[in-house]
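Heads up: the structure comes next, in structure tokens.
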Amino acid sequence: MAASVNSVGKSSFSTTSFQKKTRSKLISIPGTRPSVQNGQLLVSTGVTSLDYLLGGGLAVGTVLLIEEDRYDSYSHMILKYFLGEGVVCRHELFVAAAQDNPDDILKELPAPILDDVAIHKPVEQPRLSCEPQDSLDAMKIAWRYQNLPKVQSALASSSRFGHYYDVSKTMEPEILQAAKCHRFYLPEHPTQSSPTHSPVIESYPALLKSIQEVIHREGFDVAAPMSKSRNILRIGLHSLGSALWGDDLTCQDSPIHRHALTTFLYGLRALLRSSLSVAVVTVPSHLIQDRALMGSITRLCDNAIALESFKGSERETNPLYKDYHGLLHVRQVPHLNCLASQLPDHKDLAFKLKRKQFTIERLHLPPDLSETVSRVSRGELAGAAAAASACGSGTSGNKHLDF
């Protein structure tokens, strides 16, 4: 009986052997790579540290929302990085704006460093421990911090993806002319003027229709027959929700067109899901008073980051932030082909603009600066207390405080 059972078991396993379901082969497009976490096709944003923050890059078919800083300096720069990466990778571009002409935006793209290679520093020869230089280096930091590991502030992955750019120079016209770009400049697209009490504005439907026409005409639709080599469409939408688009989100506490932008984002995301396209949208969130509405705008996008610039604020002169130009907040991360999304390993992030490069780093407080800041804070508190007591007693006269 046992022999027969074993024979039956062997025959059943031999005839119904398990076969792993193979996935369809990923589309090979220049300037893309599959994600190691979920297999999603990724493109680079042009900023290496931002790619690391987003899990390796920006997934095709998704929307990245950038909440603009107050002066729209750094958010506009990230948008130009995104478009510049598309030019270098020979992707097609779609640029839409209401204030700046798309041609002017393309002329300001940063110049790529095409011959960028890793420069290996020569290995230093080990010195004897009895040299006096070792004792001098050891005295530069307090003894209790000597054995602590150094803080790695740069955000970078082990594998190279994307290119580097020089923001002090603009892209050469020869490189720019080789790229195929579709433009949408709102003043050149006259729309029917709607009454102020109408809940519908014509600018967003016209923009969505223009994007849809480009996707279907140029063959970016996934359902389209593969008659030619596939490519990626990079969509850059600048300052949606501003009054220049005919929207009143930033003008009134209770806007009449409160659902116009959310309706557009809902249609845009549905359009990108079935096409080889990826979009970056900037929104002046600091001008939108309704925070619940801003939350709805964020949830309609797959990725969302916010830029908080130090320009014009008290933090600009604070010694704690002297090495940075602003803070970066991650509002939302994508949930694609997975049950749990990958969260950034560090929440305190800052960005800075060097002479030639824009980078995002981990914000950390050096040990020697913590005591300096505490002394400055105590001095400011003492000065405020002295001033308050002088005003309360009614005494007059000039007082000089030494911190």
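Within segment 258-271, can you find the residues that are in contact with a strand residue (DSSP E or B) (Cβ under 7 Å, 6 or more places away or on another chain) and surrounded by fewer than 23 Cβ atoms within 10 Å (Cβ to Cβ)?
Arg269
Identify, from the list Gly61, Gly56, Gly46, Gly39, the residue that is open to solvent by 20 Å² or more (accessible area, probe 1.4 Å), among the small types (Gly, Ala, Ser) and assigned to a loop (DSSP other than H, G, I, E, B).
Gly39
Considering only segment 222-235, I want to know if a residue exists there that is among the basic types (Lys, Arg), in contact (Cβ under 8 Å) with a residue 12 or more places away in the chain and either open to solvent by less than 50 Å² (accessible area, probe 1.4 Å) or in contact with a helix residue (DSSP H, G or I) (Cβ under 6 Å, 6 or more places away or on another chain) (or both).
Yes, there is a match, as at least one residue in segment 222-235 is among the basic types (Lys, Arg), in contact (Cβ under 8 Å) with a residue 12 or more places away in the chain and either open to solvent by less than 50 Å² (accessible area, probe 1.4 Å) or in contact with a helix residue (DSSP H, G or I) (Cβ under 6 Å, 6 or more places away or on another chain) (or both).
For segment 259-287, name all the residues that are in contact (Cβ under 8 Å) with a residue 40 or more places away in the chain and more than 19 Å from the chain's Cα centre (by Cα).
Selection gives His259, Ala260, Leu261, Thr263, Phe264, Gly267, Leu271, Arg273, Ser274, Ser275, Leu276, Leu287.
Within segment 291-321, track down each residue that is at pLDDT below 90 and outside any helix (DSSP H, G or I).
Once the filter is applied, which keeps residues that are at pLDDT below 90 and outside any helix (DSSP H, G or I), segment 291-321 yields Gly312, Ser313, Thr317, Asn318.
Run Arg331 past the list (1) part of a loop (DSSP other than H, G, I, E, B); (2) in contact with a Ser or Thr (Cβ under 7 Å, 6 or more places away or on another chain) and report the number of the one that doesn't hold.
With respect to (1) part of a loop (DSSP other than H, G, I, E, B); (2) in contact with a Ser or Thr (Cβ under 7 Å, 6 or more places away or on another chain), Arg331 is out only on (1).
Just one of the numbered conditions (1) without any contact (Cβ under 8 Å) to a residue 24 or more places away in the chain; (2) charged (D, E, K, R); (3) open to solvent by less than 70 Å² (accessible area, probe 1.4 Å) is not true of Lys352; which one?
Answer for Lys352: the failing condition is (1).
Can you list the helices (runs of 4 or more DSSP H) lying wholly within segment 132-244 that have 2 or more residues being modelled with pLDDT of 95 or more and not basic (Lys, Arg)?
203-217
Taking segment 82-131 as the region of interest, how many residues are modelled with pLDDT of 75 or more and among the acidic types (Asp, Glu)?
6
The values are calculated or read from the model by the stated rules, or taken from the named source; none is laboratory data. Predicted model, so just to flag it, every value in this text is computed and none were measured. Here the Cβ is made from the backbone with ideal geometry for all residues, glycine too, and neighbour counts use every protein chain on show. Side chains are part of the model used for accessible areas, which takes the heavy atoms of the whole protein and leaves out ligands, DNA and RNA. Shrake-Rupley method; radii C 1.70, N 1.55, O 1.52, S 1.80 Å.
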